[in-house]
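Below: the structure, in structure tokens.
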């Protein structure tokens, strides 16, 4: 079994730094201010409960769909689901961040919108091809890490902080169930190898995890790490965001060390609980 070292936490460290960078882009460009989303931006108890229920229902719906596909053993449909989901969401991410960067550079978007749309589409297809058709390597690791970090920041910007806290707690609890008893358990069992995944081998988890030095970190985990760091940055300050990032990195390292003796573990609970303890503590200091 592979020994876990501090170097294995590098993707999480990069995730934290990217989260702060991407959040700065989104906030400075102000492009999300007028975008309509299903989430409420009010900082109230009812809005927090509503946002948490909505986000959790999205997770449950995706999990049920995943569970059904796995149970009927339609692997081709499963791969198609992963590829199509990645492609569609990636296009949205590239479009939003592309417009944010052009806004910051004062590029007249309206005059070249058709050209940029074509470029965004081409970039989305090429990137998706690289991730799902090439063997896992440093490039696919970078792409999936950037993708997860960028997606998490979008949620961190549009969802209020207390909603993020409650959503993260619920997701951590569900992560425990999913890995040990739910859809992820069955998905992991479809993998032919034992132990930690071997980097470079074709895997069902390609495109939905961040591969690095023999371990796979779930994209969902990366997204939640980013969402917490981003939300902390927006609603408090950058110093607290870095502190939360440190808590996430420590929690991730502890989880990875425990992974030495198990095939798979939920990567949300320990990093999320540590970071939220720090966050709630700082909010009342």
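Each value in this text was obtained by applying a stated rule to the coordinates, not by laboratory testing. Because the structure is a prediction, the values reported are computed rather than measured. Neighbour counts are summed over all protein chains in view; Cβ atoms, including those assigned to glycine, are modelled from backbone coordinates with ideal geometry.
What the table below lists for this structure:
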{"item": "Given (1) 61, 20, 18; (2) 36, 20, 16; (3) 28, 24, 19, the label whose value is semi-axes √(5λ) of the Cα gyration tensor in Å derived from this model", "result": "(3)"}
{"item": "Size-normalised alpha-carbon gyration radius of region 208-285, reference 2.2 N^0.38 Å", "result": "1.13"}
{"item": "Region 41-72 and region 101-132: distance between their alpha carbon centers, rounded to Å", "result": "30"}
{"item": "For region 1-140: rounded, prolate or oblate by the Cα gyration tensor [a/c cutoff 1.5]", "result": "rounded"}
{"item": "Average silhouette area of region 1-71, convex hull of alpha-carbon atoms, in square nanometres", "result": "8.8"}
{"item": "Difference of contour (0.36 nm per residue) and Cα-Cα distance, residue 50 to residue 186", "result": "45.9 nm"}
{"item": "Mean Cα-pair separation over length for region 1-135, i.e. relative contact order, pairs under 8 Å, 6 or more apart, %", "result": "28"}
{"item": "Whole-Å distance, taken between Cα centres, linking region 134-186 and region 242-285", "result": "13"}
{"item": "Sorted peptide list for 95-101, 265-271, criterion being average Cβ within 10 angstrom, highest first", "result": "265-271, 95-101"}
{"item": "Extent along principal axes [Cα atoms of region 216-260; Å; largest to smallest]", "result": "36, 18, 8"}
